[in-house]
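The values are calculated or read from the model by the stated rules, or taken from the named source; none is laboratory data. None of the values given here were measured: they were computed from a predicted structure. Cβ placement follows ideal geometry from the backbone for every residue including glycine, while neighbour counts extend to all protein chains displayed. Ligands, DNA and RNA are excluded from the accessible area calculation, which covers all protein heavy atoms including side chains. Shrake-Rupley method; radii C 1.70, N 1.55, O 1.52, S 1.80 Å.
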Amino acid sequence: MKVKKQNYGTLSDGTKATLYTVSNAKMSFSVTDYGCTITSILLPDKVSGTVDVLLGFSTLDGYITGAGSYGALVGRFANRISAAKFDINGQEYDLDANSNGNCLHGGYTRFEKMLWNSKIISTKHGTGVRFTRLSHEKEQGFPGNMQIEVTYTLNDANEITLSYKAVSDKATPVNLTNHSYFNLAGNGSILDHTLQMNCSYYLDVDKELIPSGKLIPVKNTIFDFTTGKTIGTDIAKTGNGYDHCFVTQAYDAGAKTAFDFAVSGQLVQAAVLSDPVSGRKMSVKTNQEGVQVYTANSIEGTTGKNGRKYRAHEAICLETQCFPDSPNKQEFPSCILQPGSKYKALTVYGFFF
């Protein structure tokens, strides 16, 4: 296992960003301390030698000025919080209303636009990079000083493990995930990719994608991927595309908190994504109760890597997480991290080629 460290560019305040490339004998991924952002995943290709299966930008400037959270860490609370507010023990907290009156991915002060502390590490999951940062009280409007640790590693089994840990000195919501855009062909539409999900339910949402609190069976609906189907089969029936949270087998209706299952360290297989032309596959294992499936509905016209103009549905995001709007939904397991407790989330992307 090898890790290459190099300068990635300079920020407006003069600080320098670093790019790390982690490789085994068959594949590699690159990640920067700017936003804990995964910038590329290179897999073998019979024609070109390697193919990059992530959308994103060619330079640091692209990630600084660009939107869409390409490859980035999102938090403190990934996904949506309704009306951009929540209540803990009778105290109301106001957040940024950056998405139709709701708060999305932490609001305007994004983790992806921050420089994180970083160091090369080796763990039982493999070799890679650990990022740390203290999110201060009232950052993004959330209570508590939260110490966050994010680790990305690669092993010889071609698995990229994403580990998230956090502690806080006040009760506060937490929901961290990675927002990588995958295309196993390397380019073109992903509508002919096959997606199989071990998810028997999805979350009912309104037109603003805020959950109602109900879990809906996927059987006989356009959300049924339990036996696998091409993403394009029913996507037209969704309107703009999929942007929905599916319920993994990690979900426990009797759990008091969304973190209960995660403590055991067990993983469930949530999804398998396949490209029928190249034969490449990716599995998603996690200890999280939900996985947001987003078919890159809003990337039309974005200038990405090598000057390529991205089109809608050119990638898919599989964002493992707690349920959206959990701070405001008593029906869902609580996502409130209490002082003295630890948040631990784990996701493994396995690649087959």
* Asked: ASN328: net charge of surrounding residues, Cβ under 14 Å, Lys/Arg +1, Asp/Glu -1, itself excluded?
  -> -4
* Hey, what's the stretch 73-150 come to in accessible area per residue, 1.4 Å probe, Å²? -> 41
* Asked: Given 0.36 nm per residue, what is the gain on full extension from LYS256 to LYS138 after removing their alpha carbon distance, in nm?
  -> 39.9 nm
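Could you work out [θ]222 nm for the chain from helices alone, using -39500 (n - 2.57) per DSSP H run of at least four and dividing by all its residues? Round to the nearest 500 deg cm²/dmol.
Computed mean residue ellipticity for the chain: -500 deg cm²/dmol.
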* Under-5 Å amide H pairs with TYR242, H placed in peptide plane, nonlocal only -> THR295
* Structure fact -> For the chain, the percent of all C-alpha pairs falling in each 20 Å bin, from 0 up to the bin holding the max distance, is 32, 62, 6, 0
* May I ask for the distance between the Cα centers of the stretch 184-205 and the stretch 294-353, given as a whole number of Å? => 13
* **Portion, in percent, of the accessible area of the stretch 136-179 that falls on carbon or sulfur, probe 1.4 Å** => 45
* Below 25 Å Cα-Cα, how many Lys pairs turn up in the stretch 104-220? Only count pairs eight or more apart in sequence, or on different chains, if you could. => 8
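Report the full-extension gain for the segment THR65 to LYS309: residue separation times 0.36 nm, less the Cα-Cα distance, to one decimal in nm.
Gain in length upon complete extension: 86.2 nm.
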* Structure fact -> Gyration tensor on Cα atoms of the stretch 105-240, a ≥ b ≥ c root eigenvalues, a/c under 1.5 rounded, else prolate if a/b beats b/c, else oblate, says oblate
* Structure fact -> Scanning the chain, every Cys lacking a C-beta partner under 4.7 angstrom -> CYS36, CYS103, CYS199, CYS245, CYS317
* Asked: So how far apart, in nm, are the two label points at GLU208 and SER298 if each is 7 Å from Cα heading toward Cβ?
  -> 1.3
* Structure fact -> Cross-link reach from LYS16 to aspartates and glutamates, straight Cα distance under 14 Å and at least 8 residues apart if same chain, gives ASP33, ASP61
* Take the alpha carbon gyration tensor of the stretch 269-323, find the square roots of its eigenvalues, order them as a ≥ b ≥ c, and report rounded if a/c is under 1.5; if not, report prolate when a/b exceeds b/c, else oblate. => oblate
* Please give the length that would be gained between LYS85 and GLN6 if that part of the chain were fully extended, namely 0.36 nm times their separation in residues minus their C-alpha to C-alpha distance (nm, one decimal). => 24.4 nm
* Structure fact -> Here the net charge surrounding ILE148, from other residues whose Cβ is less than 10 Å away from its Cβ (Lys, Arg +1; Asp, Glu -1), is +2
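With a 10 Å radius around each residue's Cβ, average the other Cβ atoms per peptide and rank 243-252, 156-165, highest first.
The packing order, highest mean first, is 243-252, 156-165.
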* To do: Compare ILE299, ILE38, ILE81 in a GNM of the chain, Cα atoms joined below 10 Å, and give the one with the largest fluctuation.
  => ILE299
* To do: For the chain, with a Gaussian network of springs between Cα atoms less than 10 Å apart, report the residue from GLY107, GLY239, GLY186 with the top mean-square fluctuation.
  => GLY239
* Asked: In a GNM of the chain with a 10 Å cut-off on Cα contacts, which of ASN102, ASN287, ASN117 has the highest mean-square fluctuation?
  -> ASN117
* **Within-13-Å neighbourhood charge of ASP45 [Cβ basis; K, R +1; D, E -1]** => +1
* To do: Return the whole-Å distance between the Cα centroid of the stretch 210-281 and the Cα centroid of the stretch 96-116.
  => 24
* Asked: With r defined as the distance between the Cβ atoms of SER341 and ASP192 and R0 fixed at 51 Å, what FRET efficiency is calculated, to the nearest 0.05?
  -> 0.70
* Taking the Cα-to-Cβ direction at GLN269 and at LYS119 and moving 7 Å from each Cα, how far apart do the two end points lie in nm? -> 3.7
